[in-house]
Amino acid sequence: MNGPIKAIVLAAGKGTRLHTEGVDLPKVLRVAAGEPLLAHVLRELAFLPAQDILLVVGYEADKVTAAFPGYPKAYQSPQLGTGHAVQCAEGALKGFEGHILICYGDMPLLPRSAYEKLIDEHTAQGNACTLMAGVTDQPLPYGRIVRDEKGGFARIVEDRDCTPEEKEIKELNVGVYVFEARQLWRALTTLRPNNAQGEYYLTDAPLWLVKQGEKVGVSAACTAEEMLGVNTVEQLQQVEDYMEKRRNGK
């Protein structure tokens with residue numbers, strides 16, 4: 001790694017589709033393989049000191065704070081999208097001039113090696129932003145990474161907005177990024193909720209940076225398995241199955 005790194009972990013979500021059988025915990029506190037999803041994520045981020053990992057909390061924030069007391073917190077209320085979540089973290093990171101890793105508390109399969117590869121490629125290439133990508137044949141509802149004529153990053157197209165041709169793109173946006181801090185705060189000021197959900201999307205930030213002539217890279221840092229997140233009971237079971245296979249060395 002080259003230069004100071006801090007991390008923002010997005011952990012504010014309610015996880016409505018996981019609320020079953022009377023369980024209404026915040027999404028990141030749902031349990032997989034005996035531990036909260038967020039515990040798995042923080043273990044893989046342990047190459048950073050706890051004080052450099054900022055948790056953005058929201059829904060039932062007191063429960064997340066109680067479960068993970070050793071980490072600084074920022075609060076997102078209401079929850080108005082991923083871009084808004086990172087905006088809520090800016091005050092806590094004011095004055096920091098290094099690089100910022102942004103990741104999710106509901107992606108427990110991403111290993112330390114994937115985060116480190118993303119950071120290393122970002123700093124080695126001198127990028128303003130670097131996206132983590134995964135390639136898969138699975139029909140996951142992730143944004144597609146569209147390349148320009150030279151093979152560089154052009155834009156992200158959300159799954160629901162894809163043309164039939166774009167749907168065939170196998171390189172997916174995992175939703176994990178590293179930004180140079182100053183460029184991140186610049187880009188966040190340009191986000192607008194011009195979408196059906198009325199939310200601020202972090203995916204708009206890399207596109208804005210490209211339009212400003214800044215360098216945005218793509219890092220194929222993870223496998224199809226590792227980029228799975230948890231939004232439904234079925235996905236929670238799928239993640240647990242993968243963890244069991246890893247434990248058994250399969």
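Points worth noting:
- Gain upon complete extension [Asp159, Gln197; 0.36 nm per residue less C-alpha separation]: 12.3 nm
- Within the shell of other residues whose beta carbon sits under 14 angstrom from the beta carbon of Lys117, the net charge comes to -4, with Lys and Arg scored +1 and Asp and Glu -1.
- Fewest-first ranking of Leu207, Leu202, using other Cβ atoms within 10 Å as the exposure measure: Leu207, Leu202
- Given +1 at the Cβ of Lys and Arg, -1 at the Cβ of Asp and Glu and no other charges, the dipole of the stretch 1-142 around its Cα centre is 180 debye to the nearest 20.
- Using Cβ point charges alone (K and R +1, D and E -1), the dipole size of the chain about the Cα centre works out to roughly 420 debye.
- Point-to-point label distance, Ala92-Lys167, nm (Cα→Cβ direction, 7 Å offset): 3.9
- Residue among Gln138, Gly98, Leu80 farthest towards the positive dipole end of the stretch 46-188, charges placed on Cβ: Gly98
- Calculated FRET value between Asp62 and Arg147, using beta carbons and R₀ = 35 Å, to 0.05: 0.20
- When only the Cβ of Lys, Arg, Asp and Glu is charged (+1, +1, -1, -1), the dipole of the stretch 102-147 relative to its Cα centre reaches about 120 debye.
- Computing FRET efficiency as 1/(1 + (r/R0)^6) for Arg246 and Thr189, where r is the C-beta to C-beta distance and R0 is 30 Å, gives about 0.15.
- Eligible aspartates and glutamates near Lys63 by straight Cα distance, threshold 15 Å, same-chain separation 8 or greater: Asp24, Glu35
- Interchain or long-range residues, amide H under 5 Å from Cys222's placed H: Ala133
- Violating pairs (Cα-Cα greater than 24 angstrom) within the set Lys14/Lys167; Lys167/Lys215; Lys6/Lys170; Lys150/Lys211; Lys150/Lys215: Lys14/Lys167; Lys167/Lys215; Lys6/Lys170
- Rounded to whole Hz, the Karplus (6.51, -1.76, 1.60) HN-Hα couplings of the stretch 59-69, x for glycine and proline: 4, 6, 4, 4, 6, 5, 4, 5, 6, 9, x
- Calculated from backbone phi, Karplus (6.51, -1.76, 1.60) coupling profile of the stretch 73-88 in Hz, x at Gly/Pro: 10, 10, 10, 10, 8, x, 8, 10, x, 5, x, 4, 4, 5, 4, 5
- ³J(HN,Hα), Karplus 6.51/-1.76/1.60, whole Hz, each residue of the stretch 119-128, x for Gly, Pro: 5, 5, 5, 4, 6, 5, 8, x, 7, 6
- Of the GluC sites (Glu not before Pro) in the stretch 131-205, those whose Cβ has at most 13 other Cβ within 10 Å and which sit in DSSP loop: Glu149, Glu168
None of the figures in this text is laboratory data; all of them are computed from the coordinates on show. Please read all numbers here as calculations on a predicted model, not as lab measurements. Glycine also receives a Cβ, built like all others from the backbone with ideal geometry; neighbour counts cover every protein chain displayed.
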